[in-house]
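The numbers here are math on the coordinates, done by the rules we state, and not lab data. Source: prediction; values computed, not measured. Methodologically, a virtual Cβ is constructed for each residue, glycine included, from the backbone with ideal geometry; neighbour enumeration extends over all protein chains shown.
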Amino acid sequence: MRERSTGAPPSALQFVRQLARDFIGASAGNRLEDFGDVQVFDMPLVGAVDGRDPVFQAFREVVSPGHLMPPEILERYSGAGADLSCVSVVSWALPFSQDVRQSNRGRDWPSPLYSVARNNGGAIIFGMSRRLTEQLRGSGFVAVSPILTEEYDAFRSAEHGLSSTWSERHVAYAAGLGSFGLHGSLITPIGSYVRFGSLVVNLPTGPAAPRMDDYRAPCLSTGGETCGLCRDRCPAGAISENGMDKEKCYVRRNEIRERNLVGYAGKYRMLPSPIVKGGTRKEGYSLGCALCLCGVPCEDTDPEG
């Protein structure tokens, strides 16, 4: 680990925000040559939260009993004598570009453009997480991205259904990036049509955005009375006044995969990324749907913000 200067350290929020913007701005993978050089993601929204915030303990009740605790995972990947007096979690939201979002509006099945962007977006997030942790370590700090560790897993549980040991959506909520909508996604100031990443670092948090007291956006807290357009957009009937049925959504995504993956992989330049399920990790491709997130008021903004 390289020695860092003895001056006051930068905040985690400021440091990682700049690294994240630099990465997305320079990433060759953020362009899709098969679709006229369309951009996958626009610039990220970044938030931060103290890694010892009690909200992470709450995630062991609402996400998974094995949800990782930031101080523990950082200590596990730090060297002897590392200063862990500060533990911060930095989360970023990557908004899909307007071209990608528009391509998916008014459809019964996801567009080829969105499907490739969604798949390649996963590779971008893994590469970004790896690069940012390397840069922080190179600057003399202790940093780890939980999704890159062997402790990360995605699985089914009897209590929570589809679950994981590190929920990027919940971490983004903890970092003040938004609140949960009826569709189960986080509605951020730049909308819900986003993907998330995060890391843990031994830097002071910085001027973080305040977290909403109620984790629910108005559409979720009222059972869709304020807005239920995402419910109408979902072809699987997975959204009700009670929110998102993850099992119905999962079945639909599997149908999309079986319908399109082989053809897309043979036609387009699709980037592989780690697929983690039930304790196994292998390189693969991942298609999604997101029809419920496009052509709705929260697509690219927070209507209540």
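With contacts taken as Cα pairs under 8 Å and at least 6 residues apart, the range 12-293 reaches a relative contact order of 24 percent. For the range 12-293, the Cα gyration tensor yields ellipsoid semi-axes of 29, 23, 18 Å (square root of five times each eigenvalue, largest first, whole Å).
Membrane-span-like helices of the chain, defined as complete DSSP H segments with a Cα extent of 24 Å or more along the helix axis and a mean Kyte hydropathy of at least -1.0, are identified as 112-138. Distance between the C-alpha centres of the range 18-86 and the range 200-279: 17 Å, rounded to the whole angstrom.
Based on the Kirkwood approach, the hydrodynamic radius assigned to the range 1-139 is 17.4 Å, with every pair of different Cα atoms included. Residues whose amide H comes within less than 5 Å of that of V38, counting only those at least five positions distant or on another chain, are L32 (H built at 1.01 Å from N in the peptide plane). Summing +1 for each Lys or Arg and -1 for each Asp or Glu among the other residues whose beta-carbon sits under 15 angstrom from that of Q57 gives -1. Footprinting exposure proxy ranking of T301, T280, T188, T165, fewest other C-beta atoms within 10 angstrom first, gives T280, T301, T165, T188. Amide H contacts under 5 Å for G191: T301, D302, restricted to partners 5 or more places along the chain or on a different chain, H placed in the peptide plane at 1.01 Å from N.
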